Amino acid sequence: LTTDYFALCSMKDEHARFVVDLVDSGTIRLHHKEGEVHYDGELTDMPNWAFAYALALYRLKGSDADNNEGDDRSDAVPTYSNRADEALCAALTKFPPVLELLLEKNEVDVTGRSFQRDWPTVLSHFRMLTEAASKARPSGSEPSDADSLHHRAMATAAGAHAIKIFVQRSHKLWTGDDVLQWLYNGCASVAAAAAAETNDEGSSSALKPFTFHPALIRYMSVDPSDYEDAFTTLPADANPLDPALVAPALALDPNRRRLGRRMPRGGGGGGGAAAAAAA
């Protein structure tokens, strides 16, 4: 849940390339077995890895000039820049709740409009996606038995845990002005593609409720507070002599094993000579 964060916070290309290569290789997959059912997912089925993969590609876009130098074919190799844009759009489509939480954590003004960014317009689309998911019911093609509904609810809760951990750990990686502009461009592309798919009835097929991969259930018991980059301290008005605070620290277990004192070898301090004289 945090490996991607530690790789990207170093700000080194080699570590960004590690993230990209790890995802592209498909070496690591998500597995979870619930009863007789086995779920198998990709690394990018986790919100943190989906966004980390896109950000790693974005950081490597400076390598495009070196890779395509002397190559006259514009479509010879997919550039890091193009791959980053595609990966970002995929992450935003797969995990729409991340956007607003990420912007809120970074205290980005999403109420104003400018020539470069119109956050209120693009955020409305992602809010509709999040709201549609909260009200979603299984379609006719999806299993609707009690176990399937239970697994879906557990995956949703686990996905919310993963998103919270990602936002509170990795939000600082998304504060750069260039990164925010790239993030906005990706959001605008997703919203524009959804608007283009609007059918005759006025509803958009892109508003199909998103679902978390069931393999995320393995993280159901994870406590997001364990991944906070902060230490819990006593409040300023707390009484350090409060019995409720002092008692646990002074609790004495009479059955606790004593720690014996080890005598130094050779009888340091004259102990060995005294023992010899006594003999």
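The values are calculated or read from the model by the stated rules, or taken from the named source; none is laboratory data. Keep in mind that what you see is a predicted model, and the values were worked out from it rather than measured. Counting neighbours? That spans all protein chains shown, and the Cβs are built from the backbone with ideal geometry, glycine included. Keep in mind that these areas ignore ligands, DNA and RNA; they rest on the heavy atoms of the full protein, side chains included. Shrake-Rupley method; radii C 1.70, N 1.55, O 1.52, S 1.80 Å.
General remarks:
- Any hit, the range 7-30, residues being at pLDDT below 85, open to solvent by 10 Å² or more (accessible area, probe 1.4 Å) and not aliphatic (A, V, I, L, M): no
- Restricted to helices (runs of 4 or more DSSP H) entirely inside the range 44-154, those with at least 3 residues that are open to solvent by 40 Å² or more (accessible area, probe 1.4 Å) and modelled with pLDDT of 75 or more are 80-94, 97-105, 119-134.
- Filtering the range 239-261 to residues that are surrounded by 10 or more Cβ atoms within 10 Å (Cβ to Cβ) and either part of a loop (DSSP other than H, G, I, E, B) or modelled with pLDDT of 75 or more (or both) leaves 239, 242.
- Scanning the range 19-43 for residues that are in a helix (DSSP H, G or I) and without any contact (Cβ under 8 Å) to a residue 12 or more places away in the chain yields 21, 24, 25.
- Residue 218 over 22 Å from residue 117 (Cβ atoms), touching a Phe, Trp or Tyr at 6+ places or on another chain (Cβ under 9 Å), open to solvent by 80 Å² or more (accessible area, probe 1.4 Å) and modelled with pLDDT under 85: yes
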